[in-house]
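Read through the structure below, which is laid out as structure tokens, and then see the notes.
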Amino acid sequence: MVEDRRLGDMLAYIILTIGVLIVAFPVWLTFVASTWDAATVINGHMPLYPGPYFFENYNRILFIGTSSTTREPVVHMLLNSFIMAMAIALGKIFISVLSAYAVVYYRFPFRMTAFWIIFVTLMLPVEVRIFPTFKIVSDLNMLDTYQGLAIPLIASATGTLLFRQFFMTIPDELLEASKIDGAGPFKFFKDTLLPLSITTIAALFVIQFIYGWNQYLWPLLVTTKDSMQTIVIAIKKMIVTADALTEWQLAMATAMLAMLPPVFVVIAMQRLFVKGLVETEK
Amino acid sequence: MAQVTLSNVKKVYAGGVEAVKGVSFDIPDGGFCVLVGPSGCGKSTLLRMVAGLETISSGEVAIGERVVNQIEPADRDIAMVFQNYALYPHMNIYDNMAYGLRNRGTPKDEIDKRVREAARILAIEPFLERRPRQLSGGQRQRVAMGRAIVRKPQVFLFDEPLSNLDAKLRVQMRVEIKKLQRALGVTSIYVTHDQVEAMTLSDKLVVMNAGRVEQIGVPADVYRKPASKFVATFIGSPPMNILPGLVDGHGIVALGDTVLQVHDLRDDLPPQMPVEVGLRPEDIEIVSDDDAGSLPFDVEFIEELGATQLFHGKLAGQPFVMQAATGDVPAQEGRLWITVDPGKVHVFDPKTGVRLGKD
């Protein structure tokens, strides 16, 4: 039986390793491509080990930009993407915590109607309402601004739902104890509800930051200036060039850079994130 | 310190359900009042109305001289201990106790003094820096009481505070609550469905059923002279035996072929009126079979409780339970002849359940 288990373990590891290789190989290839010069990448005989152009390529793309389509330095686009993703993540958390608080803890007329209206927006992502949304943003003169990038994406029901479900698991006695302890609605929210929601907030933050960072269609529509471009759009623009060679090594470097912030966010928030999804401190 | 007065308090929920149907009583300053009844009898609703967590549909609740119907829970000068303790899970024990005082703007050194004193009284000093979930049920219970004590309120409200504890701890905490309440002298209202807690803790017992008060009194009186069949069967363990009978003259009821003397029986009842006769399992005496007025009791099985034994069987065709100290009665199945002291026979109206006693 011992042999059998060892065999099973080995089989599991082999399958796991194959899986990891399949997932990791394209990422490795991207990294390798970003460390060679254009000629090596294009001629079809690129080695599978990193080349000597790492610093040159990254320095060029971060602080100078490509020579053709989009000439903005990538460090600026990273900043744009970061601002947009943060605004979306934080904005969503702010709005959904408040709306869930109202829906769960206040008794006002049409409370459930309000909740269902919020709920219905789940079925109306930006892609569905793209024309009216664009019209509104453009009428408000918010094209090529951070507000225009972030605000339409903030409105969505996912966060409200998540917090509503979480708040409903908090025992009523906690609210009642707060009332007797002299805490008003705002104090209860600040002193009890928010501290208890930390892990849920962290989980939502991770999900929404990555959602915001990966946005493609909406930023493509509302940004026209290179200076407002997000990094995801920039990669696309770098690859599709009309009358020049694609600088693959630079596009690949940009892709590597675009991957880093979400990875950092996940690593930094991992423990809180998992906690927020699986357990509650009660 | 204050007395609490309830006058004709009612609670009607939005759907028209009447949870509390007009309750009036008062609790003297420093008194310990226990509301007891089966679940759904309105006792918790009543307590929550005193706390201000439920609105009062009609009637008045006064704490001291002040009618508190429209006053926020925080301003009623009460403290409440919840069944599941309702401690703030993200705060340590110290902050849990200090929170209410901080919200009131009590000076820091005063808070510190009061929290440490409460911790000392309740023996939870070593845990002040810990979180509630690191404590056992009994310790959390103490913290919940500490949170009530530090406020120095006029009234303590307890909502089934011991029902989440195991049996042994429950007995221990029961004694501690009683001692603490004596020492602090704070008027208290305590809700429970456990009749042992109700009997031992209260100096005023309020038995409730279906939104109404069935009886108010000191525990011994409620036990000795239950005002209704409901109270008779609810208070006392094992519950009182209820047997159908007939009025057979002044102070006499007939149970099957035998008659029983009753001291506390109204004189104006028509003869042959059907009644219900209540006999407590612990009031039964064994006699020899030729004694006048003895009842035949067929024992079917015996439950061993250690100090006492429960004899289950049939009397006049009805299920019947007798309790006797172990060794007093031979523990064997078969026929026994029993009788009951005329002062310990309870007679109730079968229709209304009301006690048919004198006065």
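Derivation of every value follows stated rules applied to the coordinates shown; laboratory data play no part. Source: prediction; values computed, not measured. All Cβ positions, glycine included, derive from the backbone under ideal geometry; neighbour counts span all protein chains shown.
Numerical summary
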quantity: Beta bridges by DSSP in the protein assembly as shown, antiparallel share as percent, to the nearest 5; calculated: 75
quantity: Hull volume in cubic angstrom per residue (convex hull over the Cα atoms of region A:2-54); calculated: 87
quantity: Rounded to 10°, Cα long-axis angle of helix B:137-149 versus longest principal axis of chain B; calculated: 70
quantity: In degrees, nearest ten, helix B:93-103 long axis to first principal axis of chain B (Cα); calculated: 70
quantity: Assigned charges on the beta-carbon of Lys, Arg, Asp, Glu; the protein assembly as shown dipole about Cα centre (debye); calculated: 2520
quantity: Candidates per trypsin sites (Lys or Arg not before Pro) in region A:92-131, loop by DSSP, up to 15 other Cβ within 10 Å; calculated: A:R107, A:R129
quantity: Mean separation of Cα contacts under 8 Å, 6 or more apart, over the residue count of chain A: relative contact order %; calculated: 30
quantity: Listed peptides B:244-253, B:325-334 by packing density, highest first (mean Cβ within 10 Å); calculated: B:244-253, B:325-334
quantity: Region B:85-135: equivalent-ellipsoid semi-axes (sqrt of 5 x gyration tensor eigenvalues, Cα, Å); calculated: 18, 14, 8
quantity: Candidate lysines - alpha carbon under 19 Å from B:K204, same-chain residues fewer than 8 apart omitted; calculated: B:K43, B:K178, B:K179, B:K225
quantity: Distribution of pairwise C-alpha distances over region B:1-157, 10 Å bins, in %; calculated: 10, 35, 31, 19, 4
quantity: Acute angle (nearest 10 degrees) that the helix B:167-184 long axis makes with the longest principal axis of chain B, alpha-carbon atoms; calculated: 60
quantity: Rg/Rg_ref, chain B, where Rg_ref = 2.2 N^0.38 Å and atoms are Cα; calculated: 1.18
quantity: Cβ neighbours within 10 Å from other chains - mean over B:97-104; calculated: 4
quantity: Within straight-line cross-link reach of A:K179, lysines at Cα separation under 18 Å, skipping those fewer than 8 residues along the same chain; calculated: A:K187, A:K190, B:K152
quantity: Likely footprinting exposure, A:M112, B:M49, fewest C-beta neighbours within 10 Å first; calculated: A:M112, B:M49
quantity: At 1.567 mPa s and 4 °C, Stokes diffusion of the protein assembly as shown via Kirkwood alpha-carbon radius, µm² per second; calculated: 41
quantity: Kyte-Doolittle mean at least 1.0 and Cα axial length at least 20 Å: DSSP H helices in chain A; calculated: A:2-33, A:74-105, A:194-213, A:248-278
quantity: Euclidean distance between Cα centres, region B:69-121 to region A:35-79, Å; calculated: 62
quantity: Evaluated over region B:238-348, the Cα radius of gyration and Dmax, each in Å; calculated: 13.9, 45
quantity: Shielding of B:86-95 by partner chains, average beta-carbon count, 10 Å; calculated: 4
quantity: Positive-end residue of A:Q270, A:I198, A:A183, charge dipole of chain A with Cβ unit charges; calculated: A:A183
quantity: All-pairs alpha carbon distance profile, region A:74-278, 10 Å steps from 0, percent; calculated: 8, 28, 30, 21, 9, 3, 1, 0
quantity: Contact order normalised by residue count of chain B, Cα under 8 Å, 6+ apart, percent; calculated: 16
quantity: Equivalent ellipsoid semi-axes - Cα gyration tensor, region A:83-204, angstrom; calculated: 31, 16, 12
quantity: Residues A:I88, B:I216 arranged by fewest to most Cβ contacts within 10 Å; calculated: B:I216, A:I88
quantity: Peptides ranked, highest mean first, by Cβ atoms within 10 Å: ranges B:206-213, B:146-153, A:210-217; calculated: B:146-153, B:206-213, A:210-217
quantity: Structure-based [θ]222 nm, the protein assembly as shown - -39500 (n - 2.57) summed over DSSP H runs of at least 4, per residue, nearest 500; calculated: -14000 deg cm²/dmol
quantity: Pairs of alpha carbons in region A:1-153 whose separation is greater than 19 Å (percent); calculated: 76
quantity: Of B:I286, B:V321, B:V275, farthest towards positive along the dipole that unit charges on Lys, Arg, Asp, Glu beta carbons give region B:258-340; calculated: B:V275
quantity: Furthest towards positive pole of dipole, A:G159, B:H346, A:V222, structure part the protein assembly as shown, Cβ charges; calculated: A:V222
quantity: Dipole magnitude of region B:194-341 about its Cα centre (Cβ charges: Lys, Arg +1; Asp, Glu -1), debye to nearest 20; calculated: 560
